[in-house]
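Below you'll find the structure, written out as structure tokens, and then a few comments.
The values are calculated or read from the model by the stated rules, or taken from the named source; none is laboratory data. Keep in mind that what you see is a predicted model, and the values were worked out from it rather than measured. Here the Cβ positions follow ideal geometry from the backbone for every residue, glycine too, while neighbour counts run over all protein chains shown. To get the accessible areas, we keep the full protein, side chains included, count just its heavy atoms, and leave off ligands, DNA and RNA. Shrake-Rupley method; radii C 1.70, N 1.55, O 1.52, S 1.80 Å.
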Amino acid sequence: MKAVIDLPQKSSAPRADRRLTLVELANGTRRAAISQPPLLSSRAAPWSSLFLEHHPAGRRQDVANVTSLEHVLIAQIEGPSILEWRDNGHYRSICFLPGQVIFVPALLPFSCRTLHSGEIVAVALDPQFVRLATHDLARGPNSVDLIPRIPMDDPFVHSLIMSLHREVQDGCPAGATYGESLATALAAHLVARHSECGALPAPSNGGLSRAQLRQAIDFLQARLADDITIGQLAAHCSLSTFHFARLFKRATGLSPHQYLIRCRVERARELLLASSKPTAEVALEVGFCDQSHLTTHFRKVFGITPREFRRQHSPGRLLPETA
């Protein structure tokens, strides 16, 4: 008898007990994919489309006749890992090296024996997010069949996972938009390079229409202090996440996240000139998590810190701030 697997309910709120899990096909029981606790987790990250865990080198671990409800990617960062993966009823030995990635699509039954595990970063990617973000890449209405890679050499996927890892390490200062941007790029790459959907459709010649671009920019400007997601922007323009991100960059030369940061920095410049609010207050008002975050991006855009900017344009103003 096939096990009954209850699909979890989606929630945007962080779960303190969340772990990367597997489902035992014999009885439908959920279990942690890796028994030892992670060194780092994205439990508190403002993302609903993916989940990340960073695990240290570990000892032997066996899983048999299991599956995952999400697409799982594992990046080897220190190693190697030595494991045995079951294919067609037989185990084959694998040496999983730093820089490589293992990709296990959702609902793929598998068995694996880990003889020794090096240091890894594991990412679980929501299948529904992948479908919605990349539906215009598939040839037809059916779901895209993603191909397991045990392991694969894909520097782009590895770099995306490590970018997500750094963002979690830093406390996710860039917000939901940045995480969703990386998740969208990851989904699009998996569909384009590691699926059976066929060749990508030819890109259109232009970007967003003027009306769509105006809609998107107005939406951003009205919500600078909010944690805006690419999915919200895409839905506002009646486009898929991937299609919107591609056309937006073609129209503006910037990704939605880069454009949002630019708008926030420019709004901060206006407030620094027009008010005497402390820089920390300005940072929060335009959507940055703190003064340091604003200072970093302000320097990238204008070449000086907010304090130096105020000193140059308001030389008579007393500036007790440090940035």
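Worth pointing out:
- Set side by side, the residues SER275, SER238, SER292, SER255 differ, and just one is surrounded by fewer than 19 Cβ atoms within 10 Å (Cβ to Cβ), among the hydroxyl-bearing types (Ser, Thr, Tyr) and within 24 Å of ALA216 (Cα to Cα), which is SER238.
- Applying the criterion of being open to solvent by 40 Å² or more (accessible area, probe 1.4 Å) and not charged (D, E, K, R) to the residues of segment 101-138, the residue that is modelled with the lowest pLDDT is HIS135.
- Members of segment 157-169 that are of a type outside the set (A, V, I, L, M), closer than 15 Å to LEU39 by Cβ and either open to solvent by 20 Å² or more (accessible area, probe 1.4 Å) or touching a Pro at 6+ places or on another chain (Cβ under 8 Å) (or both): ARG166, GLN169
- Single residue of segment 21-40 satisfying the filter (among the β-branched types (Val, Ile, Thr) and not in a loop (DSSP other than H, G, I, E, B)) that is least open to solvent (accessible area, probe 1.4 Å): VAL23
- Filter pass, ALA106 being in contact with a strand residue (DSSP E or B) (Cβ under 6 Å, 6 or more places away or on another chain) and in a loop (DSSP other than H, G, I, E, B): yes
- Where strands (runs of 3 or more DSSP E) fall entirely within segment 41-100, those with at least 2 residues that are over 14 Å from the mean Cα position of the chain (by Cα) and surrounded by fewer than 20 Cβ atoms within 10 Å (Cβ to Cβ) are at 61-67, 71-78, 81-87, 90-96.
- All positions within segment 222-241 that are of a type outside the set (A, V, I, L, M, F, W, C) and either in a helix (DSSP H, G or I) or farther than 18 Å from TYR178 by Cα (or both): GLY231, GLN232, HIS236, SER238, THR241
- Criterion (part of a loop (DSSP other than H, G, I, E, B), touching a residue at least 12 places away in the same chain (Cβ under 8 Å) and in contact with a Leu (Cβ under 8 Å, 6 or more places away or on another chain)) met by exactly one of PHE244, PHE248, PHE219, PHE288: PHE288
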